[in-house]
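Undergrad: Here it is: the structure, laid out below.
Just so it is clear, none of the values below were taken in a lab; they were calculated from the coordinates. All of these numbers come straight from a predicted model, not from anything done at the bench. Cβ atoms come from the backbone with ideal geometry, glycine included; neighbour counts cover every protein chain shown.
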Amino acid sequence: MTVFQKIIDREIPADIVHEDELCLAFRDINPRAPTHVLVIPKKPIASLDHLDDGDQALVGHLLLVVRDLARQLGLDNGYRLVANCGSDGGQEVAHLHFHLLGGRRLTWPPG
Ligand code: 5GP
């Protein structure tokens, strides 16, 4: 079981900023920007590569939650959305998640 599943199940605490029937959003324990939130589906999908065609509406929902959270968190100057996938992508937790990063000018390209 991943650490994110434990957060969904309330087995370990997290600073939750949004929850609905399909997803959870909480602050990253090791923030890389003044605002660093992880948006995850409650459905246990390991990564972007593990999405089914039937997950189309779920993915759309996650992105609309990101849009609303960015407004709610005051990221008026912009933000970045990152999904690390697999070992070359630097993914450490095998539960699909989007990093919502903002609150400072982010550099490009990422390392
Ligand atoms: P990945 O490298 O898989 O894209 O990102 C995993 C993220 O999960 C990292 O940014 C890491 O700081 C965060 N993370 C790992 N364990 C925990 C935890 O127990 N609680 C929270 N809030 N974030 C975590």
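Undergrad: Among I16, I40, I29, which one shows the highest mean-square fluctuation when the chain is modelled as a Gaussian network with alpha-carbon springs under 10 Å?
TA: Checking each option, the largest mean-square fluctuation is seen for I29.
Undergrad: With springs only between Cα atoms under 10 Å apart, run a GNM on the chain and tell me which of L73, L38, L96 wobbles the most.
TA: L73
Undergrad: If one puts a single equal scatterer on every Cα of the chain and applies the Debye formula without solvent, what log₁₀ I(q)/I(0) results at q = 0.19, 0.20, 0.22 Å⁻¹?
TA: With one equal scatterer per Cα and no solvent, log10 I(q)/I(0) is -1.04, -1.15, -1.38.
Undergrad: Please list 101-111, 75-85 highest first by mean number of surrounding beta-carbon atoms within 10 Å per residue. Let's see the in-between values first.
TA: Working: 101-111: 11.1, 75-85: 14.1.
Sorting 101-111, 75-85 by mean packing, highest first, produces 75-85, 101-111.
Undergrad: Here is a further query. Based on DSSP H runs of at least 4 residues, each adding -39500 (n - 2.57), what is the mean residue ellipticity at 222 nm of the chain after dividing by all its residues, to the nearest 500 deg cm²/dmol? Please list the in-between numbers first.
TA: Numbers: 2 runs with 23 residues, N = 111.
Calculated at 222 nm, the ellipticity per residue is -6500 deg cm²/dmol.
Undergrad: Return the distance in nm (one decimal) between the two label points of a simple spin-label model at R67 and R27, each offset 7 Å from Cα along Cα→Cβ.
TA: About 2.7 nm, to one decimal.
Undergrad: Once you keep just the Cα pairs under 8 angstrom separated by 6 or more residues, what percentage relative contact order results for region 10-60? If you can, show how the numbers build up before the last one.
TA: Values: 46 pairs, mean separation 13.0, N = 51.
That works out to 25 percent.
Undergrad: Pulled fully out, how much extra length does the chain show between R105 and C85, if you take 0.36 nm times their separation in residues and subtract their Cα-Cα distance?
TA: Numbers: separation 20, 0.36 × 20 = 7.20 nm, distance 2.37 nm.
Taking 0.36 nm per residue and subtracting the Cα distance, the gain is 4.8 nm.
Undergrad: Provide the per-residue ³J(HN,Hα) series for region 66-76, in order, calculated from phi with Karplus coefficients 6.51, -1.76, 1.60 and θ = phi - 60°, each as a whole number of Hz, with x at glycine and proline positions.
TA: Listing the rounded values in order: 4, 4, 5, 5, 4, 5, 4, 8, x, 7, 6 Hz.
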